[in-house]
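I have placed the structure first, in the form of structure tokens, so that the comments after it can refer back to it.
The values are calculated or read from the model by the stated rules, or taken from the named source; none is laboratory data. The structure presented is a predicted model; accordingly, all values stated were derived computationally and were not measured. With ideal geometry, Cβ positions are generated from the backbone for all residues, glycine too; neighbour counts draw on all protein chains shown.
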Amino acid sequence: MYRTKDISKAELKALAIKNQDEIVALTGSELDPVKAWEVIQQASDNFKNSDLKAQEADALLYAMLHPDEKSSSGEIYTMSDGFQWKLLSKGEAKKRFKADKEVYGIDRSSETEALIANKEDLGRFEEFGVEHTNNDVKRKPKTTADKKTASSKETIRIQEKERARALSLLELELLIAA
């Protein structure tokens, strides 16, 4: 449930935060990974209780600690409206696309999805998924990609900024909620 549960404080202290100046400009304070972890720990009652905001913050903190690791295949991701996705690896997404099966690109930071309609769409997303079978929320996923294809460096830069911003905002929300 919580992927940062067994992370040591030394690992968190060693984490180099990119765009710290932008985080300060947006939130008024620096992002401290140790404090973020402690907030997650406190909000989840020492990682025992399921708390949506704490799980989102946990996933973001884990992504910062392990930037090369892609989303776990089979992991269930729940959007803020309650709609659930079963996440797939990029390899699985390619196989589904080639087999002409439905697969979506998932953008957690903006909480959007787009149907993968061509090979270029596969390069635009880091995470992929299919509609989870046990969805309580009934809605149709978007059927086409809305965004224009951006250069991969620009996309990565934007995603890094969005992740940093989302984590700092989640930390603030958790601090306020606690």
Legend entry - Tally of residues being closer than 11 Å to Arg165 by Cα and of a type in the set (Val, Ile, Thr) across segment 1-30: 3
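Do you know which of the residues in segment 66-81 that are modelled with pLDDT of 80 or more and within 11 Å of the chain's Cα centre (by Cα) is nearest to Phe128 (Cα to Cα)?
Tyr77
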Legend entry - segment 3-58: number of residues that are of a type in the set (Gly, Ala, Ser) and surrounded by 14 or more Cβ atoms within 10 Å (Cβ to Cβ): 5
Inset, instruction - State whether the residues of segment 36-51 include one that is β-branched (Val, Ile, Thr) and without any contact (Cβ under 8 Å) to a residue 12 or more places away in the chain. - result: no
Legend entry - Residues of segment 156-176 satisfying the condition of being buried (at least 17 other Cβ atoms within 10 Å of the Cβ) and at pLDDT below 80: Leu174
